[in-house]
Amino acid sequence: MEPWSIVANHPFDGDPFGLIIDLPELTMADAEHVAINLLGTFQLTGAYVPSSLVHPLQGQYLFLYRVAPERINRMATVWAENLDDAELRLNILAADGVLLMPASG
């Protein structure tokens, strides 16, 4: 099975964006559990990898999350214009995100 994703539209420009999750062994119920936990527990670290020389704050922002019942942090990234945009994007995904999984078969 392929990676799955959580997607939404950015509130300022309406462009779609999302997170691709590479845990292909999960069922739809398991993916929903991970997505709910990820979006309910995320903590941005402030660390990022820049993706533009022209706009140095654009890049992949690192965040931590937990999936119950585990007590260990997992890491993921979200692309954003800056740290505030990264937080906005994660909050929009938590409020309006749609879980997409590839069709099986």
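When LEU62, LEU93, LEU44, LEU57 are checked against the criterion of being over 16 Å from the mean Cα position of the chain (by Cα) and aliphatic (A, V, I, L, M), a single residue qualifies: LEU57.
Under the condition of being over 12 Å from VAL78 (Cα atoms) and either loosely packed, with under 15 Cβ neighbours inside 10 Å or among the hydroxyl-bearing types (Ser, Thr, Tyr) (or both), the residues counted in the stretch 37-49 number 2.
Within the stretch 53-105, the set of residues being among the β-branched types (Val, Ile, Thr) and under 20 Å from LEU26 (Cβ atoms) comprises VAL67, ILE72, THR77, VAL78, VAL98. Against the numbered list (1) among the aromatic types (Phe, Trp, Tyr); (2) surrounded by 13 or more Cβ atoms within 10 Å (Cβ to Cβ); (3) in a loop (DSSP other than H, G, I, E, B), PHE63 comes up short only at (3). Taking residues in the stretch 1-25 that are closer than 23 Å to ASN37 by Cβ, and partners anywhere that are surrounded by 11 or more Cβ atoms within 10 Å (Cβ to Cβ) and hydroxyl-bearing (Ser, Thr, Tyr), the pairs with Cβ atoms closer than 8 Å and at least 6 places apart or on different chains are GLY18/SER5; LEU19/SER5; ILE20/SER5; ILE21/SER5.
The residue that is nearest to ILE20 (Cα to Cα), counting only those in the stretch 68-87 that are among the aliphatic types (A, V, I, L, M), surrounded by fewer than 17 Cβ atoms within 10 Å (Cβ to Cβ) and touching a residue at least 12 places away in the same chain (Cβ under 8 Å), is MET75. Out of all the residues in the stretch 28-46, is one or more without any contact (Cβ under 8 Å) to a residue 60 or more places away in the chain, over 23 Å from ASP96 (Cβ atoms), out of contact with any Cys (no Cβ under 8 Å at 6 or more places or on another chain) and not in a loop (DSSP other than H, G, I, E, B)? Yes: the stretch 28-46 contains one or more residues that are without any contact (Cβ under 8 Å) to a residue 60 or more places away in the chain, over 23 Å from ASP96 (Cβ atoms), out of contact with any Cys (no Cβ under 8 Å at 6 or more places or on another chain) and not in a loop (DSSP other than H, G, I, E, B). The residue that is nearest to ALA94 (Cα to Cα), counting only those in the stretch 17-31 that are touching a helix residue (DSSP H, G or I) at 6+ places or on another chain (Cβ under 8 Å) and modelled with pLDDT under 90, is ILE21.
Does the stretch 53-84 hold any residues that are under 19 Å from ASP15 (Cα atoms) and among the hydrophobic types (A, V, I, L, M, F, W, C), and which are they? Across the stretch 53-84, the qualifying residues are VAL78, TRP79, ALA80, LEU83.
Residues of the stretch 1-16 that are at pLDDT 85 or above, surrounded by 12 or more Cβ atoms within 10 Å (Cβ to Cβ) and not polar (S, T, N, Q): TRP4, ILE6, VAL7, ALA8, HIS10, PRO11.
The values are calculated or read from the model by the stated rules, or taken from the named source; none is laboratory data. Given the structure is predicted, the values throughout are model-derived calculations rather than measurements. For neighbour counting, all protein chains shown are included, and Cβ atoms are generated from backbone atoms with ideal geometry for every residue, glycine included.
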